[in-house]
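Here is the structure we will look at, set down as structure tokens.
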Amino acid sequence: MFKPFLLLQLRPEDAASDDEYRAVLRAGGLADGELRRVRMDQGMPDLELEDYSGVIVGGGPSNVSSPEDRKYDYQQRFEPGLRKLVGEIAARDFPYLGACYGLGILAEVIGGKVSDARYGETAGAQTMVLTPEAEADTLLDGLPHEFRAFVGHKESCQEVPPNAVLLAGSNGCPVQMIRVGSNVYATQFHPELDSDGLALRIEIYRDAGYFESDRAAELTALGYQETVTVPQEILRRFVTRYRTGH
């Protein structure tokens, strides 16, 4: 019997959260009933991994590396439960795809260093470069050695986390995609995001410190000049690989 995928969201803005949900459906080739969304800003329920084909954790304005007293109230509430769940995912090698914050929380749980000291990237497209290890990976086999992907983040992995395999990097951020075990993946870039989604997030987060607010129109225009397809293919492959069980 098919089990749904679980999307854990941390975007408190309705428009951003709804668009992220629809983007994951679209890129993953999923129907509404095949993806359960949990808005962690509204509460973190008890979750059993056995109920799901895989877990997807998206991005948002929260930063793993922020001092506890500077984290959003809702982040302080959901993060302990999420850490526990991600620890179980890593220990069990359960299918997982983290994006942006989803990479940061995984890296922190497995002992990596996440910080805003280096490697932050403004909203827009960057060129990802696959590593030799990516050539043998099921999700990446046959994809172009270089491809464009949308990013936008303040914090990053400062090095490859312990026991993780580096799958992709970029000039401005060396840890763009990792794998832990056989089934746990995470990207710094957003595999669900297209130009329309980028434009929406630029508008919503224009005063959140990702870029100078007077650059919003410029960054939006640049986003519409991009052709970004490979990241969505990675998400689609993740869904295809695990939707029939694991």
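Below are the figures for this structure:
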read-out	value
Residue in the range 35-48 that is at pLDDT 95 or above, within 24 Å of Leu139 (Cα to Cα) and within 15 Å of the chain's Cα centre (by Cα) present	yes
Complete set of residues in the range 192-246 that are farther than 30 Å from Pro4 by Cα, in contact with a Gly (Cβ under 6 Å, 6 or more places away or on another chain) and hydroxyl-bearing (Ser, Thr, Tyr)	Tyr210
Residue that is nearest to the chain's Cα centre (by Cα) [pool: residues in the range 60-80 that are under 19 Å from Asp207 (Cβ atoms) and basic (Lys, Arg)]	Lys71
Among (1) at pLDDT 95 or above; (2) closer than 21 Å to Phe2 by Cβ - the single one Ala90 does not satisfy	(2)
Only listed residue being out of contact with any helix residue (DSSP H, G or I) (no Cβ under 6 Å at 6 or more places or on another chain), part of a helix (DSSP H, G or I), surrounded by 21 or more Cβ atoms within 10 Å (Cβ to Cβ) and modelled with pLDDT of 95 or more, chosen from Ala107, Ala134	Ala107
Number of the condition not met by Gly98 [criteria: (1) assigned to a strand (DSSP E or B); (2) farther than 21 Å from Ser156 by Cα; (3) touching a residue at least 60 places away in the same chain (Cβ under 8 Å)]	(2)
All helices (runs of 4 or more DSSP H) inside the range 191-246 with 2 or more residues being within 14 Å of Leu139 (Cβ to Cβ)	230-242
Selection count where residues are within 20 Å of Val184 (Cα to Cα) and either under 17 Å from the mean Cα position of the chain (by Cα) or in contact (Cβ under 8 Å) with a residue 60 or more places away in the chain (or both), scope the range 131-148	4
Criterion violated by Thr122 - all others in (1) in a helix (DSSP H, G or I); (2) surrounded by fewer than 18 Cβ atoms within 10 Å (Cβ to Cβ); (3) at pLDDT 95 or above satisfied	(1)
The listed residue being surrounded by 20 or more Cβ atoms within 10 Å (Cβ to Cβ), out of contact with any helix residue (DSSP H, G or I) (no Cβ under 7 Å at 6 or more places or on another chain) and either within 30 Å of Thr240 (Cα to Cα) or of a type in the set (Asp, Glu) (or both), out of Ser170, Ser182	Ser170
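The values are calculated or read from the model by the stated rules, or taken from the named source; none is laboratory data. Just so it is clear, the structure is predicted and the values come from calculations on it, not from any experiment. Methodologically, a virtual Cβ is constructed for each residue, glycine included, from the backbone with ideal geometry; neighbour enumeration extends over all protein chains shown.
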